[in-house]
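Visitor: Would you mind keeping the following structure in view while I ask a few things?
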Amino acid sequence: MLLLLLRIFYGIRIEQRIRFLNHLIRSLIIRTKFYFKHFVSFLKTKVELRSLIILASLVVGVLSGLAAVFLKHLVHFFQREPKIFFADNNLEFLLPLTPLAGIILSVLIVNIFFSGRLIRGIGNIIFQIIRNKSDLPRRKMFSHLITSGVTVGLGGSAGLEAPIVITGAAIGSNFAKGFKFNYQTRTLLLASGSAAGISAIFNSPIAGVIFAFEVLLPELSVSSFIPLLIASASAAVVSKLLYSGQIFYLITEGWRLEAIPYYIILGILSGFISLYIIKTTFFLEDFLDKFKKPYLKGITGGLVLCALIFLVPPLFGEGYSSVEILLSGNYGKILEGSFFYHYLNKDLALIIFAAIIILTKVIATSLTISSGGNGGIIAPSLFTGAVAGFLLSYSAGYLGLAQLNNSNFIVVGMAGILGGVLHSPLTGIFLIAEITGGYSLIVPLMIVTALSFFISKYFHPHSIYTWTLARRGIQFRSEKEKYLIRQLTVKDLVETDFLTVKPNTTLRELVEKITHTKRNLFPVVDDTGKLVGIVTLDDVREVMMNTDVHDVILLYEIMNSHFEKIDIRTDINGVLEIFEEKQIWNLAVTDVEKYIGFISKSNFFNNYISGMAKDQKENI
């Protein structure tokens, strides 16, 4: 039968084959959806909700682990094949151009297969949590895998962590949607997928869980902790089974008490480097956004990136190979291929070159991502931190100040920069402790990461992820009562049943209107619909009893023209900020200066309380 079908298939024209394949694929999708729907209904009737969520977290963890393994293999494929091809054809001189090829290929993939839309960064995941009910499109389950694999595999100076976090989050979100889970459970599975992604890419399950609640979840209860653990652990098992190996190996002698002052210096240095990374990232992103044509942006950014890598070879790729070189103690090898290798004293060259790497790695990463490639900031932060730790310890030895354990400072510096850039100190501490086996360095890790986090947070309240949202007026809050306003919008809350008056309306006409409304606030609107002022009962209370002036006083003479107003498109978090800061009860709402209505603080919190009650009672 199968042989007959194959003969028929190859005996028809190409157009008919395509139609046949499309029909076959559609039929398979329809049948899969049908059976999946019945399978979900069966599970929901036979399995308790808590058990079902745990089972779902296990599946999400396994799928996210498989996605991470696929991404690792994809990256290594692109790292290996061009080298073999260029070597076989005596074209090794073209290898420095592979990062440009990766960026252009990523741009092509996005424009051909994803309609030119690929929102990068974990900040977008946070946005989906607080503004879109944790609903991620299905295409995110594979779009970031492909584009980041091409970008980083061909030498783009970025990491794989953000793409795998987004992929895991999309897997969790869509799995939850398939089971018709409510918002809270969908968010939990989204975070479980993200935790699983970090766990699988680093083989660090504890760090994956901590990353999920420190970066993505506003709060963590015991009940939500268990699915995160299961997803993270299952992803680590899958990754270990299918792609064994650890990123770094560290033989540590522990830390010495006399090195504490230098760890303090490293913490302060890490904080300021973190600030530099955050600000430089967004400066270059804004600059490259001026290029409206994606291919022109990709070529421009890619060429600059290739030139930078040519001058500073360690900027090629994630940078983990350079960290391994530093940890092995073969420091001079990091200079190979650079100007400094031939013309400077080795010790001085290492110090200068390390400083240049710290300053340029973030530039290379921003060029990679903002010009059209795909990748994350975690690997570049770890790499920069490693070089910063090495720079401090090696310089102290070179200057005769102290003989420090370079490996310890390399490892601790990685945690310091990561904690400062992400504003997630626990993630930095436990990630480095897990992937290096450096739990004996837990005290220096805590000192350096805490100081870095404090300095970065003090001078820049937003992390590299939440700053993306803050620039759009969206605040990511950790308190539950503030976090639950995510489902409210200005349009939902605006009240429009206020009686409007004209600027030249007399006081007598206003008094007449007061008798026909329960409101004590009257918007003053001109002939074009523009809101020019507000009159309240308090403004007219003293003159209302004096009937002699009712026809004399016009409202523009007594109205308040200095009032707080917002545009109808303002994010609801911004509304709450104004209520809290100004201590007012009403906000005027306009649409391009034209009057729409008012938002009251009481209505705001009434809607919030109702939404919270509904959210708590909502069933799957």
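Computed from the coordinates by the stated procedures, all read-outs in this text should not be read as laboratory data. These numbers were taken from a predicted model, which means no experiment stands behind them. Quick reminder, even Gly has a Cβ in these numbers, built from the backbone with ideal geometry, and neighbours come from all protein chains shown.
Visitor: Spelling out what I want: for every residue of region 538-551, take phi, set θ = phi - 60°, compute 6.51 cos²θ - 1.76 cosθ + 1.60 (Karplus), and round to whole Hz; glycine and proline get x.
Guide: 5, 5, 10, 4, 5, 9, 5, 6, 8, 5, 5, 9, 4, 9
Visitor: Hey, can you grab everything whose amide H is under 5 Å from the amide H of Val589? Only 5+ residues off in sequence or another chain; H modelled, so Pro and N-termini drop out.
Guide: Ile566, Ile596, Gly597, Phe598, Ile599
Visitor: Can I ask one more? For a Förster distance of 56 Å, can you work out the FRET efficiency between the beta-carbons of Asp492 and Val304, rounded to the nearest 0.05?
Guide: 0.80
Visitor: Is region 333-462 best put as rounded, prolate or oblate by its Cα gyration tensor, with a ≥ b ≥ c the root eigenvalues, rounded for a/c under 1.5, and otherwise prolate when a/b is larger than b/c, oblate when not?
Guide: Oblate.
Visitor: Now a separate question. Given a Förster distance of 56 Å, report the FRET efficiency between Ile54 and Arg541 from their Cβ-Cβ distance, rounded to the nearest 0.05.
Guide: 0.35
Visitor: In nanometres, what is the gap between the two model label sites at Phe272 and Gln79, each 7 Å from Cα along Cα-to-Cβ?
Guide: With each label placed 7 Å out from Cα toward Cβ, I get 3.4 nm.
Visitor: Moving on. In terms of the Cα gyration tensor, with a ≥ b ≥ c the square roots of its eigenvalues, is region 397-455 rounded because a/c is under 1.5, prolate because a/b exceeds b/c, or oblate?
Guide: oblate
Visitor: Would region 83-187 count as rounded, prolate or oblate if I go by the C-alpha gyration tensor, calling it rounded below 1.5 in a/c and otherwise prolate when a/b exceeds b/c, oblate otherwise?
Guide: In terms of gyration-tensor shape, prolate.
Visitor: Enumerate the calculated ³J(HN,Hα) couplings along region 450-462 in order (Karplus 6.51 cos²θ - 1.76 cosθ + 1.60, θ = phi - 60°), each rounded to whole Hz, writing x wherever the residue is Gly or Pro.
Guide: Coupling constants for region 450-462: 5, 5, 4, 4, 4, 5, 4, 5, 5, 8, 8, x, 10 Hz.
Visitor: Turning to a different aspect of this structure: Quick one: if the Förster radius is 51 Å, what FRET efficiency do His550 and Asp286 give, using the C-beta to C-beta distance and rounding to 0.05?
Guide: 0.35
Visitor: State the extension gain, in nm to one decimal, for the chain segment bounded by Lys293 and Tyr320, taking 0.36 nm per residue of separation less the distance between their alpha-carbons.
Guide: 6.5 nm
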